[in-house]
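Encoded as C-alpha cells, here's the structure I'll be asking about.
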Amino acid sequence: MDKTGRLLYYKGMNKFENKKRKIKDFYKLCPTAHTLGLISAVIIILHLLTRNDKALMVRISENFVRPYHQTVARLLNRLPFSAAEVIIWIAGIATAAFVTYGVIRLIWGKEKLKRLYKTILPLVSFALLVYALFSVFWGTYYYADDFISRSGLKNEKISVEQLKTVTEYFADMANEYSEQITRDEKGFYRPNREKILEMSPELYENVEDKFPCLEGEALKAKPFKFSKLLSYTDFTGFFFPFTGEANVNADFPPNLFPSTVAHELAHQRGIAKEQEANFAAVLVSLEYGQLDFVYSAALLAYTHLGNALYKADYEAWKEISGNLSEYVLLDFAENREYWKQFEGPAKTTMNTVYEGFLQSYDQKLGMKSYGACIDLLVNYYYDEALKNAD
C-alpha cells in the first residue's frame, strides 16, 4: 500500500472509530433505558410479525401465558389487597417523581438537550416495556383460539323475533328476582359486596364440566381500594395480566357488581374478548344460582339485548321495557345517576384510549364490542326463552 493509500486507510479508520465512540457516548447517556427500550421494541415487533400465526399464539397462550396467570394469581390470592393496585400506585408515583426531578434539573442545570433526552427516554422505554409485556401476557389471547371456538357454542345469525323473545325472557327474570334480593327502606338494592367477593372463587365450578375451557384456579376477585378513581375513568373492573388478578370497582351501584365480578374472572380464565366475557358472566352467574348473581346477570343480559332491540324493533322494545318492575327501573335509574357525575375529560380520554387499544388488537368494534355478546345470548338461551314464553 502506498503512502496515499495508507493515509486514506487511517482517515477511514479514524472516522469509523469516531462514529463508534460517539455511539458509545450516546448509549452511555441512558444505558439502562436504551437497553430496555431496544429489548421491548424487539418484543413488540416480534409480536406484530407473529400474532397472525394462530398455532403459535395458541402454544404461547396455553403453555406459557395461562399457566403464568394461574400460578402468580394463586400466590397473590392470599394477600388481602390487590397487588395490581399497589403496582399501579408505585408506578404512578415513581413516574410523577421522576418527571418532577427531570423538570427541575432541566430548568436549573446545564446541557439542557442532554437532560431533556435523559428525562424523556426512560419514560418512552418504560412505556415500550409495559406495552411489550402487555402484548405477551394479554395480547396473545386475542390471536389464539377464542371462547366460541374452544367452547363449541353456536354463534349463528339471529332474527328480530328471536332477539325479542330472549330480551323478554331476561326482562321477566329481572322482574322476578328484583323482589327476592336484599333492598333498603327506600327500595334500593343493597347486597353484601364482601359476601359476593367471598363467593367468587366457587362461581365457575358448575360450568367447568360442560365447558372445560373455563377450568381454572378457584380465586377471589379483589376490590380496588380507590374504586372511585376507576369510576372517573369509566371502569367497573379490570384484569391485570402482570399479576393475574381480577380487580373490581367497589364503588359503583351494586346492581351490576356480581356480574362484573363474574366478567373479570372470565378474563382470568383466558377469555380476552369483552363480548365473550360478558356472555360468560351471564352464563356462570345463572348456573351458580345465587340470588344476587342471577339478578345481576339478568340485568346485564337485558341491558345488551334491550339496546339491540331498541334499534331493531322499537315497538317491541317499548312493550317489554314498559313491563319492567318498579325495582328494576329504580336500579337502572340509580346506575344512570351515579355515572352521570363522572362525565368529563378523564372518562372521555380513557374511553378513547381503551377503544384505540381494542382496535390495535383487531377488535374492530372498539368499545361497541361490549354489545356483541347479543348473538351468543340469543343462540344459547332462545330455546329456553321460547319454552318460558309458552
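Per the 1.4 Å probe, what fraction of the accessible area of region 169-255, in percent, lies on carbon and sulfur atoms?
Solvent-exposed carbon and sulfur of region 169-255 make up 47 percent of the total.
Right, next: Pairing the Cα long axis of helix 31-50 with the longest principal axis of the chain, what angle in degrees results, from 0 to 90 and rounded to the nearest 10?
50
What is the antiparallel percent of DSSP beta bridges lying wholly in the chain, to the nearest 5?
60
On the principal axes of its Cα set, how long, how wide and how thick is region 90-143? Give whole Å, largest value first.
That gives 48, 22, 9 Å along the principal axes, largest extent first.
What is the distance, in nm, between label points placed 7 Å from the Cα along the Cα-to-Cβ direction at residue 64 and at residue 111?
3.8
Over every pair of different alpha-carbon atoms in region 207-246, take the mean of 1/r and invert it; report that Kirkwood radius in Å.
Working: mean 1/r = 0.0819 Å⁻¹.
Final number for the Kirkwood radius of region 207-246 is 12.2 Å.
Between residue 74 and residue 183, what length in nm is gained on full extension when 0.36 nm per residue of separation is reduced by their alpha carbon distance?
Full extension of this stretch gives 35.8 nm more.
Expressed in nm², what is the orientationally averaged projection area of the convex hull enclosing the Cα positions of region 299-345?
Projected over every direction and averaged, the Cα hull of region 299-345 covers 4.0 nm².
Another one. Treating the angle as unsigned and between 0 and 90°, give the value, to the nearest 10°, between the Cα long axis of helix 83-108 and the longest Cα principal axis of the chain.
Relative to the chain, helix 83-108 is tipped by roughly 40 degrees.
Could you grab the relative contact order for region 121-246? Cα pairs under 8 Å, six or more apart, rounded to a whole percent.
Computed over region 121-246, the figure is 23 percent.
If every alpha-carbon in region 32-103 counts as one equal scatterer, what log10 I(q)/I(0) does Debye give at q = 0.13, 0.19 1/Å?
The computed values of log10 I(q)/I(0) come out as -0.70, -1.04.
Would you pull out the residues with amide H under 5 Å of residue 245's amide H, same chain only if 5 or more places away, H placed 1.01 Å from N?
240
Under a GNM of the chain (C-alpha, springs under 10 Å), which listed residue has the highest mean-square fluctuation: 165, 243, 35?
Sorting by GNM fluctuation, first place goes to 35.
Kindly flag which residue pairs out of 318/387; 154/311; 164/228; 154/340 have an alpha-carbon separation exceeding 26 Å in this structure.
Pairs exceeding 26 Å: 164/228; 154/340.
Here's something else I'd like to know. So how tilted is helix 66-76 from the main axis of the chain? Cα-based, degrees 0 to 90, rounded to 10.
In the chain, helix 66-76 runs at an angle near 80 degrees to the longest axis.
Taking a cut-off of 20 Å, what percent of all Cα-Cα pairs in region 183-301 are separated by more than that?
Working: 2524 of 7021 pairs.
Above the 20 Å cut-off, region 183-301 has 36 percent of its Cα pairs.
Find the accessible area per residue for the chain; the probe is 1.4 Å, ligands and nucleic acids are left out, and the unit is Å².
Value for the chain: 54 Å² per residue.
Let me ask something else. Label point 7 Å out from residue 341 along Cα-to-Cβ: which residues of region 212-245 have amide N under 19 Å?
224-237
Also, I was wondering about something else. Just the accessible area for residue 342, please: 1.4 Å probe, Å², rounded to the nearest 10?
Using a 1.4 Å probe on the heavy atoms, I get roughly 10 Å².
Additional query: For region 75-231, what does the equivalent ellipsoid look like in terms of its semi-axes, each the square root of 5 times an eigenvalue of the Cα gyration tensor, given largest first in whole Å?
Working from the Cα gyration tensor, I get semi-axes of 45, 24, 18 Å.
Where Lys and Arg each count +1 and Asp and Glu each count -1, what net charge lies around residue 284 among other residues with Cβ under 11 Å from its Cβ?
Charge balance near residue 284 sits at -2.
Rounded, prolate or oblate: which fits region 57-137 when a ≥ b ≥ c are the square roots of the eigenvalues of the alpha-carbon gyration tensor, with rounded for a/c under 1.5 and prolate only if a/b beats b/c?
Oblate, because a/c is 1.5 or more while a/b does not exceed b/c.
The values are calculated or read from the model by the stated rules, or taken from the named source; none is laboratory data. Model, not experiment: these values are computed from the prediction. Note that we place each Cβ from the backbone using ideal geometry, even for glycine, and neighbour counts take in every protein chain shown. Note: areas computed on protein heavy atoms with side chains; ligands, DNA, RNA excluded. Shrake-Rupley method; radii C 1.70, N 1.55, O 1.52, S 1.80 Å.
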